[in-house]
1. Starting from residues that are in a loop (DSSP other than H, G, I, E, B) and without any contact (Cβ under 8 Å) to a residue 60 or more places away in the chain, keep the ones in region 1-20 and report whichever is nearest to the chain's Cα centre (by Cα).
2. Tell me, which helices (runs of 4 or more DSSP H) lie completely within region 21-62 with 3 or more residues that are touching a residue at least 40 places away in the same chain (Cβ under 8 Å)?
3. Criterion first (among the hydrophobic types (A, V, I, L, M, F, W, C), within 22 Å of ARG130 (Cα to Cα) and out of contact with any Ser or Thr (no Cβ under 7 Å at 6 or more places or on another chain)) does ALA69 satisfy it?
4. Tell me, yes or no, whether region 63-82 has at least one residue that is of a type in the set (S, T, N, Q) and under 30 Å from ALA243 (Cβ atoms).
Amino acid sequence: MASRALDGEIDRLYQLPLEEFTRARNALAKKAGGEAARVRALTKPPIAAWAVNQLYWKHGDVWNDLIAAAENARKAHRAVLAGRSGDVRAAGKVHEEAVEKALKSTLALLAAADHPATDVTKHAIATTLRALPGDEPPGRLTKALQPAGFEMLSGFSIAPGPPRPARPAPEPAPAKKGASPAEPKVDAKALTKARHEAASTARALRDAETAARREEFEKVRTEREEKRTAEAIDKAREAVARAEAELEEAQAAAQKAVQMRKAAAKRAVEAQEALAEARDRAESAAADLTAMENGRKPR
């Protein structure tokens, strides 16, 4: 199957009712030739991702408005972080309105397909809509998304603020004529307090640096753990897809075996009946022959 034709078939696959996905995917894999493994690895989306996919396929205008609003909001954030002007509040309001409109349309599609919209499903749909556009092709989402927050602005440097003007040093008071400069008086109590405050702030700084390093380490660790679990989920989904395909093939083979057994049993019964009839005819013929040989009239 040509690549373009296969892509069209995959698009149609993600437009089907959710309960038909696995059967249709396995059927497509059987006729995909060299692309069979790729098709078999396609993941059945959860209900929230499936519903958002239907929004793309059935309400393209609502989808396009949502994506445009999301891109505009990100553009406004990037402009502000780069030191340029940008109306983040207005862009965010437009994006939120687009999300609400898309959410209503998606829930309507879900209801039309007779799928119950639980609170968990509604929340997953809303967060997915806010996180769009994602990394997967539109209309082919295989998982619910989470808004990236400031991660979507990674790679953009924050423009420095205007430099703070230096505070002018106080001019020394004019010395009295003929008098020697007086030694500044030191307040021992205030000096001791200042030293304690300096030591305290130094300790607080060290503690803050330690906490920052610890949290940075934890952030890296959790990111690795998230990546590892995501890969495990993908592998598990592929294994489930393969198991589903093998189960359907086994069920088909079992059904065929049952049909063959029934046909064989029927033929066996027919053969037994034919054998009984042949025995009856043989016995009758032998009896007639014996009667004729003894001079009697056959039956």
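1. LEU16
2. 21-30, 47-58
3. yes
4. So the first thing to find is which residues in region 63-82 are of a type in the set (S, T, N, Q), and the list is 64, 72.
Then keep just the ones that are under 30 Å from ALA243 (Cβ atoms); that gives none.
Checked against the condition, which is being of a type in the set (S, T, N, Q) and under 30 Å from ALA243 (Cβ atoms), region 63-82 yields no hits at all.
Every number in this text was worked out from the coordinates using simple rules, so none of it is lab data. Small disclaimer: the values here were computed from a predicted structure and weren't measured. Cβ: placed from backbone, ideal geometry, glycine included. Neighbour counts: every protein chain shown.
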